[in-house]
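Worksheet: one structure, shown below.
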Amino acid sequence: MSPPHSSHGHPPGDVLRLSRRGKRTTTAAAIVSLALAITLGTQASAAPSPGEPADAVPVQQYEVADVGTRTERTELARTGTAIDEVRDTSVVVTADATDATRLRDLGYELTALPGTATERNDFRASAPSDYHTAADVRTIVDQTVAAYPNLVSSRVIGRSYQGRDIIAVKVSADVNVDENEPEVLFTHNQHAREHLTVEMALYTLDELTSQYGTDPEITQLLDTREVWLIPTVNPDGKVYDQETATNFRSWRKNRQPNSGSTAVGTDLNRNWDYQWGCCGGSSGSTSSETYRGPSPESGTETRVVADFVRSRVVGGQQQISAHIDFHTYSELVLWPYGYTYSDTAGGLTADDAAAFRALGTEMADTNGYTPQQSSDLYITDGSINDWMWAEQGIFSFTFEMYPPSASGGGFYPPGSVIDRETARNREAVLLLLDYADCPYRIIGEEATYC
């Protein structure tokens, strides 16, 4: 049974939240000229000392013309290029001169976008101080656990390649009891530079705790659900991107060295053990931003999170029923499968696909994002969503958060938008929690499946 709501208390919000340091408004022109950046094949061989330049290779943002279909985008992705942004008949990538020449040699038409030439370690669309650090996150979690001991707990579920704690935070009434209730998991920051997703985790934690016992919907949900938050899946990458230079480094992967190569890092979201490397949706080149690793779950952090999810199988039944993996950017709600263009495939029936589509669309209706199957963009393989569904039976979605395009700051929107853009997902989060008891309920098939 749940304890009385009044037993938790509600201390002032500033007990639980560190202020965002240096929050500031950035002009649109500065954001456009210094937007997102993805390097193609220019990885560092080791983590430098704080402040030491790394990967200071001039890069330029390019529009790649005549790449307007999912098949054409997949063919581009198969070159090892990470696509930054999808437009109607083109895509945007970021490349150094060598990679731009390589793509042109392959027949692609690249047009440099004005004002986007920069250095990899000099991105100023926002400042690192606009976002909470990994240490800040741990402090906020610890404060929240202390303030709400009956509502929040945390545990170290493993350690990153460089030995940093990866923590999972549980939020539920009677939090210290493993009750027979639907569980929902939210993961954040698989890709190092996507710091807005960590802010999303902190927003969700604050909203659920501060509103429990006050907001009837949140109270009812936490009385009947168990919520898990992993605020940063990739703490090594986050620290490297945010804290080891004056400005952001535009780092995507983890910080795990690759045997026989000077290139560092695995794309954790191509490293999951379902259809890994199957279909041209990842790269076997260690220098690629979409490098899938030498084997499934070879990424230290992938294995930690996968083991945690497997640990939630109790009595032969997976307790987690629904999941969102938060990313930036493009304002999308995505669902499986990513490895195939087919709406249905092994383990994904017509009813499953209908439930994914209906739930994804309804969540998108609350935040204004665009809902679509992941492969409608381009093929990806070894992704978290495909693994969660195919191997664990979890209704798993990806949210690509703000901005919709590079003009809003790309991977580094200014701190002034953090509160607005995290709160924008409040209703979608609550909607998923609501349907966690039986996602098929959204298509009227609860009697069949639940």
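Taken together, the values in this text are just the output of simple stated rules run on the coordinates, not laboratory data. All of these numbers come straight from a predicted model, not from anything done at the bench. We place every Cβ from the backbone using ideal geometry, glycine too, and count neighbours over all the protein chains shown.
Cα gyration tensor of the range 129-449, axes a ≥ b ≥ c as square roots of the eigenvalues: rounded (a/c below 1.5), prolate (a/b > b/c) or oblate?
Numbers: a/c = 1.40, a/b = 1.11, b/c = 1.26.
It is rounded, given that a/c, with a ≥ b ≥ c, falls under 1.5.
For the pair A65 and Q318 in one chain, pulling the backbone fully straight at 0.36 nm per residue adds 86.6 nm over the alpha carbon distance.
Taking each residue as 0.36 nm, the span from T246 to R155 lengthens on full extension beyond its C-alpha to C-alpha distance by 29.6 nm.
Between amide H atoms placed 1.01 Å from N, distances below 5 Å from E85 occur with V92, all of them 5 or more places distant or on a separate chain. Annotation for T448 and E217: the two label points, set 7 Å from Cα along the Cα-Cβ direction, are 2.8 nm apart. Projecting label points 7 angstrom from Cα along Cα→Cβ for Q143 and D419 puts them 1.5 nm apart.
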